[in-house]
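Read through the structure below, which is laid out as structure tokens, and then see the notes.
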Amino acid sequence: MVHGLTHLRLCALNIDGVMLDDSFSPVIHHFLVSRGCAYTAEVERSIFSRPRSVAGRLLAEAVGEPMTGEEALEAYFEERARHVAAHPVRVNDGAVALVRRLRRLGLRTVCYGGLGQSHFDAFLGEHAGLFDDPGYICTDAFRPGLHEIAVEYFGLKHDQVLVIDDVATVAEAARSLGMPFIGHPSRFEHSFQRQLMREAGVRYQVASLHAVDEELLRSVDAGAAAGTVWPV
């Protein structure tokens, strides 16, 4: 018989990089490198999981070309469209099973990300019943949106919400709020997210969503209750 968790009440799962495979890192890398920009950990850190308007400006500044943030963003999404046409977006191995596991343990679940509702509907619509209302939260206007998800959408304390994301700046935001966090960094060969998560003090990193098993979830739950999910 499965017994629920004692402290956690909700799990917020990032859509791109957790529920879906990472279709952003390769495009951002190519966008910058093809325009002569050195791709460094700091460049990656500065751009990932930012509001689109900010990311566009940062892309334009990084490449140093005479383009506005809006023009850089438009060019980026054109490149991304070509990328996903050649490499279709897919649901990550173990993602749906993970959501079911979370729910069996008594957690509510919600998905979030920077793209609009149509992105969720297109790739996860058939699994929408596995998420609690509103199902998907577009956080572009208030990224990373962790406080808003916990408090404004679900009326919970920060430490009652487990966040699973692939970006270290989201981990940093979670740490500042005392929110439990599991990192699922990109396996893209040029990605710095695994390194950046270590530097951010992320205690729980997984290479596969299958690794977010009941044992790990109970460990995170106990750490959340004790206030020890982040190093002092």
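For this structure, a couple of remarks:
- Scanning the range 217-232 for residues that are buried (at least 19 other Cβ atoms within 10 Å of the Cβ), among the hydrophobic types (A, V, I, L, M, F, W, C) and in a helix (DSSP H, G or I) turns up LEU217, VAL220, ALA224.
- Residues that are farther than 16 Å from HIS7 by Cβ and open to solvent by less than 50 Å² (accessible area, probe 1.4 Å) within the range 193-204 comprise GLN193, LEU196, MET197, ALA200, GLY201, VAL202, listed in sequence order.
- Hits in the range 157-192 - residues which are farther than 21 Å from PHE24 by Cβ, open to solvent by less than 20 Å² (accessible area, probe 1.4 Å) and touching a residue at least 60 places away in the same chain (Cβ under 8 Å): VAL161, LEU162, PRO180
- Condition met for PHE131 (under 17 Å from ASP16 (Cβ atoms) and out of contact with any helix residue (DSSP H, G or I) (no Cβ under 6 Å at 6 or more places or on another chain)): yes
- A residue that is open to solvent by 20 Å² or more (accessible area, probe 1.4 Å), under 16 Å from CYS138 (Cβ atoms), small (Gly, Ala, Ser) and not in a helix (DSSP H, G or I) can be found somewhere in the range 101-120.
- When LEU8, LEU102, LEU13, LEU98 are checked against the criterion of being hydrophobic (A, V, I, L, M, F, W, C), touching a Pro at 6+ places or on another chain (Cβ under 8 Å) and at pLDDT 95 or above, a single residue qualifies: LEU8.
- Any chance LEU146 is touching a residue at least 12 places away in the same chain (Cβ under 8 Å) and buried (at least 22 other Cβ atoms within 10 Å of the Cβ): yes
- Residue count for the range 16-57 satisfying the condition of being hydrophobic (A, V, I, L, M, F, W, C), within 16 Å of ARG80 (Cβ to Cβ) and open to solvent by 30 Å² or more (accessible area, probe 1.4 Å): 2.
- Test: residue in the range 67-85 that is under 25 Å from HIS184 (Cβ atoms) and open to solvent by 90 Å² or more (accessible area, probe 1.4 Å): no
- Among residues of the range 206-232 that are within 21 Å of ALA173 (Cα to Cα) and aromatic (Phe, Trp, Tyr), those with a beta-carbon under 7 Å from a residue that is open to solvent by 60 Å² or more (accessible area, probe 1.4 Å) and assigned to a helix (DSSP H, G or I) at least six positions away or on a different chain give the pairs TRP230/ARG175.
- Criterion (small (Gly, Ala, Ser) and surrounded by 15 or more Cβ atoms within 10 Å (Cβ to Cβ)) met by exactly one of GLY64, GLY94: GLY94
The values are calculated or read from the model by the stated rules, or taken from the named source; none is laboratory data. The structure presented is a predicted model; accordingly, all values stated were derived computationally and were not measured. Note: ideal-geometry Cβ built from the backbone for every residue, glycine included; neighbour counts use all protein chains shown. With ligands, DNA and RNA removed, areas are computed over all heavy atoms of the protein, side chains included. Shrake-Rupley method; radii C 1.70, N 1.55, O 1.52, S 1.80 Å.
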